[in-house]
Amino acid sequence: MTLIETKADRTGICATAPRAHPRPEGQDRYTISEVVAFTGLTAHTLRWYERIGLMPHVDRSHTGQRRFTNRDLDWLAFVGKLRLTGMPVADMVRYAELVREGEHTFEARQELLEQTRRDVRSRIAELQDTLAVLDHKIGFYADARRASERL
């Protein structure tokens, strides 16, 4: 299997992730309310992401209304994945800054994502240990209940 780098990969957007929400065919301009419906984020959160630098510049209509693109939605999907990893907001903003700085930041972006992957793997190991404890306790109570039913 070969890995083909896409333009989306170079810009920091996860190109292979499935889209969480269907988008209207042929449409590439969305209002903030449409983005809220697609992503489940609040309008307040979208504005905050833009204010802190987590979102790239969002185009505006002639009346000043935000107009999001499919690329913005792809970026928001990637940010959602980063949030699920537990990555601190400051690191997400740093990653966004690195993306905006260009291709010469690939190494720094990779390091940031590799550290996040190490953190995720550590959390997965902790959760697997926790699951083993829960399984043991559930088994203990199931065995105790069966034993009491035999009496």
Quiz prompt | Any chance Arg66 is modelled with pLDDT of 90 or more, surrounded by fewer than 16 Cβ atoms within 10 Å (Cβ to Cβ) and charged (D, E, K, R) | solution = no
Quiz item: If we scan the range 85-104, do we find a residue that is more than 26 Å from Thr45 (Cα to Cα) and not basic (Lys, Arg)?
Solution: yes
Exercise. Could you please find all residues in the range 78-115 being touching a residue at least 60 places away in the same chain (Cβ under 8 Å) and either open to solvent by 80 Å² or more (accessible area, probe 1.4 Å) or at positive phi (or both)?
Key: Lys81, Glu103
Quiz item: Restricting to the range 103-122, what's the tally of residues that are within 14 Å of Leu82 (Cβ to Cβ) and charged (D, E, K, R)?
Solution: 4
Quiz item: Does Met55 satisfy being free of Cβ contacts under 8 Å to residues at least 40 places away in the same chain, under 19 Å from the mean Cα position of the chain (by Cα) and open to solvent by less than 60 Å² (accessible area, probe 1.4 Å)?
Solution: no
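The values are calculated or read from the model by the stated rules, or taken from the named source; none is laboratory data. Computed from a prediction, not measured in an experiment: that's the story for all the values here. When we count neighbours, we look across all protein chains shown, and the Cβ atoms used for this are built from the backbone with ideal geometry, even at glycine. Accessible surface areas use protein heavy atoms only, side chains included; no ligands, DNA or RNA. Shrake-Rupley method; radii C 1.70, N 1.55, O 1.52, S 1.80 Å.
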